[in-house]
Amino acid sequence: MRFVRTFHSVGHGAFYTERFYDDSYNNPQNVANFVYDCGSITDLQKLQQEINREFNQGTKIINAVFISHFHEDHINGLGHLLGNCTVQNIVIPKMPQDFIIYAMIQNALIQKGGPSSTANDILSSILSEEGHNNEEFQIVQIGEDDDNDTTLKGLLPPSVKDIWEYRALVLTCKSQKYKNRLHSLTQSLQQDAIFRTAFKSNGIIDYPKFNHLLKNNNNLSHLRGLVSQYNLNGNHYNMVVGSEPTDKTLHMGCLFTGDAMLKCKSRMKQLVGKYAVNSSLYHCLQVPHHGVVGDNHNAQLYTSPKECIVSVKDGDPNRPAATVKNDITINGGNCVKVTEKTNNLQYQHTL
Ligand SMILES: [Zn+2]
């Protein structure tokens, strides 16, 4: 089996593909495809071209798309992917309603070109029952405490099942104070003259309706004032995925970390506990959060020489941060930037 992993050059975003080919036939057969994240805030058109180019050969069936979290730069290309390929499963972190509401607000407020968020359109459609029942894909939600590895094993086709696995971990915010602030935001929306119309009488939000309200400029400026009272920020739900051969002696794995905020010691401990980050299992590491988070705890990630890939916009002065580059280099790793101006970065292995 031939395995091809590609870090696509889409600037500040994330679009990573893993494809399996059985070369024992006269014509190599593309037997399985996986995607981790699908977004770009540098150049969405380039990402869409990249999707077309990547999936114009072989099968257009994607066994699973993993979405680390719901921010624009990781999800805004998903609609195009769904329109061009047959996606069987979308694997997402299981998140409480309070947090999804806040993520949608973040997406709406960062839009520079007007009140329209591609990520929110996709998110509200996959989260609304009516929306995704009409689609071909299945939504697989990964909880923070569940044994997810068995569930993910079930997504692999027979030809790959014995040689490969995906293991997911959802890193969340354990702070009760933060959760309380998030909940207060939801409560104030429920009492707000405009936004209360998006809630059903049982307190459950209607995501498409909420998304519709977020497309109005007046509503957005009103919301900006409301949100600023709650001191919320960052990305506190993020799904990390280890993509690994079942034979742990093979140096072929990749740890996809999305935008995990690993300054938090307990999250780093969870990560190290689940994945042997300092072993030779992982050949590649997707550097968390576009390399912006530099602190001592992260150095543990780089203790085994590996390819450390940072997805950034060309010329970004802060990403990767100097401390991150330093941590990688002093631990013998190779810090590789993939921007909208570089070539795709590709690794091939034979299993
Ligand atoms: Zn990001």
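The values are calculated or read from the model by the stated rules, or taken from the named source; none is laboratory data. All values derive from a computational prediction rather than experimental measurement. Cβ: placed from backbone, ideal geometry, glycine included. Neighbour counts: every protein chain shown.
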Quick one: which residue in 311, 266, 279 is touching a residue at least 60 places away in the same chain (Cβ under 8 Å), over 22 Å from residue 47 (Cβ atoms) and of a type outside the set (A, V, I, L, M, F, W, C)?
266
Exception for residue 232 within (1) modelled with pLDDT under 90; (2) over 22 Å from residue 102 (Cα atoms); (3) more than 19 Å from the chain's Cα centre (by Cα); (4) of a type in the set (A, V, I, L, M, F, W, C) falls at (2)
If you take the residues of segment 105-122 that are outside any helix (DSSP H, G or I) and small (Gly, Ala, Ser), which of them is modelled with the highest pLDDT?
117
Of (1) under 21 Å from the mean Cα position of the chain (by Cα); (2) surrounded by fewer than 20 Cβ atoms within 10 Å (Cβ to Cβ); (3) touching a residue at least 40 places away in the same chain (Cβ under 8 Å), residue 348 satisfies every one except (1)
I'd like to know if segment 93-104 contains one or more residues that are over 17 Å from the mean Cα position of the chain (by Cα), over 30 Å from residue 196 (Cβ atoms) and at pLDDT 90 or above.
no
Which of the following residues is over 23 Å from residue 69 (Cβ atoms) and either of a type in the set (Lys, Arg) or out of contact with any Asp or Glu (no Cβ under 7 Å at 6 or more places or on another chain) (or both): 188, 228?
188
Please enumerate the residues belonging to segment 289-333 that are modelled with pLDDT under 85, touching a strand residue (DSSP E or B) at 6+ places or on another chain (Cβ under 9 Å) and within 16 Å of the ligand (Cβ to nearest atom).
none
Pick from segment 13-57, criterion among the β-branched types (Val, Ile, Thr) and more than 16 Å from the ligand (Cβ to nearest atom), ranking: surrounded by the fewest Cβ atoms within 10 Å (Cβ to Cβ):
31
Across segment 272-289, what is the total count of residues that are in contact with a helix residue (DSSP H, G or I) (Cβ under 8 Å, 6 or more places away or on another chain) and either crowded, with 22+ Cβ neighbours inside 10 Å or closer than 20 Å to residue 37 by Cα (or both)?
3
Among 263, 274, which is the only one that is within 16 Å of the ligand (Cβ to nearest atom) and among the basic types (Lys, Arg)?
263
State whether the residues of segment 58-69 include one that is at pLDDT 95 or above, polar (S, T, N, Q) and away from the ligand (no atom under 14 Å from the Cβ).
yes
Give segment 1-12 a look and list any residue that's away from the ligand (no atom under 16 Å from the Cβ) and either closer than 26 Å to residue 122 by Cβ or in a strand (DSSP E or B) (or both), or say none.
2, 3, 4, 5, 6
Evaluate the following for residue 268: is it touching a His at 6+ places or on another chain (Cβ under 8 Å), farther than 30 Å from residue 185 by Cβ and more than 16 Å from the ligand (Cβ to nearest atom)?
no
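For (1) among the acidic types (Asp, Glu); (2) surrounded by fewer than 19 Cβ atoms within 10 Å (Cβ to Cβ); (3) over 22 Å from the mean Cα position of the chain (by Cα), each residue gets a yes or a no:
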| position | (1), (2), (3) |
| --- | --- |
| 148 | no, no, no |
| 151 | no, yes, no |
| 154 | no, yes, no |
| 163 | no, yes, yes |
| 208 | no, yes, no |
| 214 | no, no, yes |
